[in-house]
Amino acid sequence: MDPRVEQFMAQLIAKNPNENEFHQAVQEVAESLIPFIEENPKYKHAKVLERIAEPERVILFRVPWLDDKGEIQINKGYRLEMNSAIGPYKGGLRFHPTVNLSILKFLAFEQVLKNSLTTLPMGGGKGGSDFDPKGKSDNEVMRFCQSFMTELCKHIGANTDVPAGDIGVGGREIGYMFGQYKRIRNEFVGVLTGKGIQYGGSLIRPEATGYGAVYFAEEMMKTRGESFKGKTVAVSGSGNVAQYAIEKATQLGGKCVTLSDSAGFIHDPNGIDAEKLAYIMELKNVKRGRIKEYADKYGCEYYEGKRPWGIKCDVALPSATQNEINEEDAKTLVANGCFVVSEGANMPSTPEAVEVYIKNKILYGPGKAANAGGVAVSGLEMSQNSLRLSWTREEVDQRLHQIMKDIHATCEKYGKDSEGFINYVNGANIGGFVKVAEAMLAQGAV
Ligand code: NDP
């Protein structure tokens, strides 16, 4: 490791012990940024990197709620307000039993650079709870969301901090939280994004992250004269991001053959077409069932406890969770001919896996670039709320598409090496950093 990165990381780890995911995310960024900062001493003198690795504010609170048996349950609630240099804090809420400070700090840190890349005026934040919506009744989820928002509403606002969804937080949860915010604060404002279309949501917001990851993959493929036509695509996850990644990849001529959840994955060599996708959406979003049921219905293979990376594919769209592709998985993907990885999820590839991609010079779009479409359309939802207008589906989709092209261009600008290879990791890290850093320099020691 570069000794300057090593020294920076030693200080960060000493200040933030036992936060492995946060260390991982910062180190990846530091490896790109430290050489760049050395060439641009104004950022070094102003300690911009040290400052962006320290949250502006961390809010941690108790979330008590009553389950259906009338018993009190207690969860932890969090909001990480990471950086507001270029706009109000913006970033999702995650409800999952694995949620802890380290995971939210990694996500909030990534969010700062991602939001900057979108070209929209949004700072970075993240939040959530160790609450597990799986197996809970609608009423339990509602009571939890109301209790969570009863505290969170003191800290957020349309011009301060605007949360959205993430793992375990979809339209249902956003609706319950929005209702509670409005009730307590007595104001109808765009304080959350991912809202229902009847009460201030944006068309294309549910589709945005998955579509965006596919648009980004398409831009990467264009640099090699390739497209989705006739390509086999492996997708992980089966939630919001995975569903719409499949929809768009299929529309562009790809054949998506896998889907997963935390229990295992399915392999459908015939491809997941529109009809099968409609079944998955009903299964996952309404019945809240398991992906295994897909294999039972369509008579394909289900692999218990496994991830889909052993299946031969041209394109991989990891869309479940962090660290779901390790070094071995990455080697298998490359050996099987995969030449595009576009990350719908946040940090799904371990650092060792990323090394494999870069060494083999495949087209690798890291999450902060490839999945920025979600927060970009959240930004467009904020714009529409401020205007008190709604744009058409076509208009939002066209803006999303343009933003993904612009992010690709930024990555190319900052990530292309002397041999013409685009290192999208460097491109996204440096491209995202510059705008935030310039804003921080202008605003002084804040
Ligand atoms: P959902 O809750 O809709 O779906 C998550 C999917 O991933 C489910 O299939 C879930 O399976 C699976 N999953 C979750 N945790 C694990 C785990 N520990 N191991 C294996 N599988 C797991 O979430 P989203 O689709 O919204 O989010 C997926 C990823 O995309 C996350 O990394 C998120 O941060 C990222 N992302 C999401 C954005 C958005 O707009 N929603 C924006 C940008 C990034 P199961 O049901 O079994 O838990």
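The values are calculated or read from the model by the stated rules, or taken from the named source; none is laboratory data. Predicted, not measured: the structure shown is a model, and the values here were computed from it. When we count neighbours, we look across all protein chains shown, and the Cβ atoms used for this are built from the backbone with ideal geometry, even at glycine.
Table: residues versus (1) more than 16 Å from the ligand (Cβ to nearest atom); (2) closer than 19 Å to Thr321 by Cα.
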| position | (1), (2) |
| --- | --- |
| Ile204 | no, no |
| Tyr211 | no, yes |
| Tyr215 | no, no |
| Lys222 | yes, no |
| Glu226 | yes, no |
| Lys229 | yes, no |
| Thr232 | yes, no |
| Val235 | no, yes |
| Val241 | no, yes |
Which members of region 302-331 meet the condition of being more than 16 Å from the ligand (Cβ to nearest atom) and closer than 13 Å to Ile362 by Cβ? Cys313, Asp314, Val315, Ala330, Lys331
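Is it the case, given these coordinates, that Glu56 is modelled with pLDDT of 95 or more and in contact with a Ser or Thr (Cβ under 9 Å, 6 or more places away or on another chain)? Give the derivation first.
Numbers: modelled with pLDDT of 95 or more: yes; in contact with a Ser or Thr (Cβ under 9 Å, 6 or more places away or on another chain): yes.
Criteria met by Glu56.
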(1) in contact with a helix residue (DSSP H, G or I) (Cβ under 6 Å, 6 or more places away or on another chain); (2) surrounded by fewer than 23 Cβ atoms within 10 Å (Cβ to Cβ); (3) hydrophobic (A, V, I, L, M, F, W, C): which one isn't true of Ala234, the others all being true? (2)
Please indicate, with yes or no, whether at least one residue in region 271-281 is touching a Pro at 6+ places or on another chain (Cβ under 9 Å) and either within 17 Å of Glu343 (Cβ to Cβ) or in a loop (DSSP other than H, G, I, E, B) (or both). no
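Conditions (1) under 17 Å from Ala316 (Cα atoms); (2) of a type in the set (Gly, Ala, Ser); (3) more than 16 Å from the ligand (Cβ to nearest atom); (4) part of a helix (DSSP H, G or I), marked per residue:
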| site | (1), (2), (3), (4) |
| --- | --- |
| Val354 | yes, no, no, yes |
| Tyr357 | yes, no, yes, yes |
| Ala369 | yes, yes, no, yes |
| Met382 | no, no, no, yes |
| Trp391 | no, no, yes, no |
| Val396 | no, no, no, yes |
| Lys405 | no, no, yes, yes |
| His408 | no, no, yes, yes |
| Tyr414 | no, no, yes, yes |
Residue satisfying condition, being in contact with an Asp or Glu (Cβ under 6 Å, 6 or more places away or on another chain), modelled with pLDDT of 95 or more, buried (at least 16 other Cβ atoms within 10 Å of the Cβ) and outside any loop (DSSP other than H, G, I, E, B), within set Tyr294, Tyr244: Tyr244
The one condition Met347 fails out of (1) touching a residue at least 60 places away in the same chain (Cβ under 8 Å); (2) loosely packed, with under 15 Cβ neighbours inside 10 Å; (3) in the same structural domain as Ser236 (by TED's automatic domain parsing) is (2)
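Scanning for something β-branched (Val, Ile, Thr) and surrounded by fewer than 20 Cβ atoms within 10 Å (Cβ to Cβ), does region 383-399 turn up at least one residue? Working first, answer last.
Here is the first cut: in region 383-399, the ones β-branched (Val, Ile, Thr) are 392, 396.
The next check asks that each one be surrounded by fewer than 20 Cβ atoms within 10 Å (Cβ to Cβ); those that pass are 392.
Yes, because at least one residue in region 383-399 is β-branched (Val, Ile, Thr) and surrounded by fewer than 20 Cβ atoms within 10 Å (Cβ to Cβ).
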Tell me yes or no: at least one residue of region 130-151 is under 29 Å from Thr410 (Cα atoms), within 14 Å of the ligand (Cβ to nearest atom) and at pLDDT 95 or above. no
Just need a number here: residues in region 160-202 that are more than 12 Å from the ligand (Cβ to nearest atom) and of a type in the set (Asp, Glu). 2
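Do the conditions hold for Asn75, that is, is it outside the structural domain of Pro163 (by TED's automatic domain parsing) and not in a helix (DSSP H, G or I)?
Working: outside the structural domain of Pro163 (by TED's automatic domain parsing): no; not in a helix (DSSP H, G or I): yes.
So Asn75 does not fit the description; no.
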Condition first: closer than 27 Å to Lys90 by Cβ and part of a loop (DSSP other than H, G, I, E, B). Now tell me which residues in region 125-135 satisfy that. Asp130, Phe131, Asp132, Pro133, Lys134
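Name the residue that is nearest to Leu400 (Cα to Cα), counting only residues in region 243-292 that are of a type in the set (Lys, Arg) and more than 9 Å from the ligand (Cβ to nearest atom). Talk me through it step by step, then tell me what you get.
The first filter runs over region 243-292 and keeps only residues of a type in the set (Lys, Arg), leaving 248, 255, 276, 284, 287-288, 290, 292.
Remaining after also requiring more than 9 Å from the ligand (Cβ to nearest atom): 248, 255, 276, 287, 292.
Details: Lys248: 13, Lys255: 23, Lys276: 26, Lys287: 30, Lys292: 33 Å.
Result: Lys248.
Check whether at least one residue in region 154-162 is among the acidic types (Asp, Glu), touching a strand residue (DSSP E or B) at 6+ places or on another chain (Cβ under 7 Å) and outside any helix (DSSP H, G or I), and report yes or no. Steps first, answer last, please.
Looking only at region 154-162, we keep the residues that are among the acidic types (Asp, Glu), and these are 161.
Next, from what is left, pick out any that are touching a strand residue (DSSP E or B) at 6+ places or on another chain (Cβ under 7 Å): 161.
Next, from what is left, pick out any that are outside any helix (DSSP H, G or I): 161.
Checked against the condition, which is being among the acidic types (Asp, Glu), touching a strand residue (DSSP E or B) at 6+ places or on another chain (Cβ under 7 Å) and outside any helix (DSSP H, G or I), region 154-162 yields at least one hit.
Take Gly289 and decide whether it is within 23 Å of Thr350 (Cα to Cα) and not assigned by TED's automatic domain parsing to the domain that holds Ile174. Break it down stepwise before answering.
Details: within 23 Å of Thr350 (Cα to Cα): no; not assigned by TED's automatic domain parsing to the domain that holds Ile174: yes.
The answer is no for Gly289.
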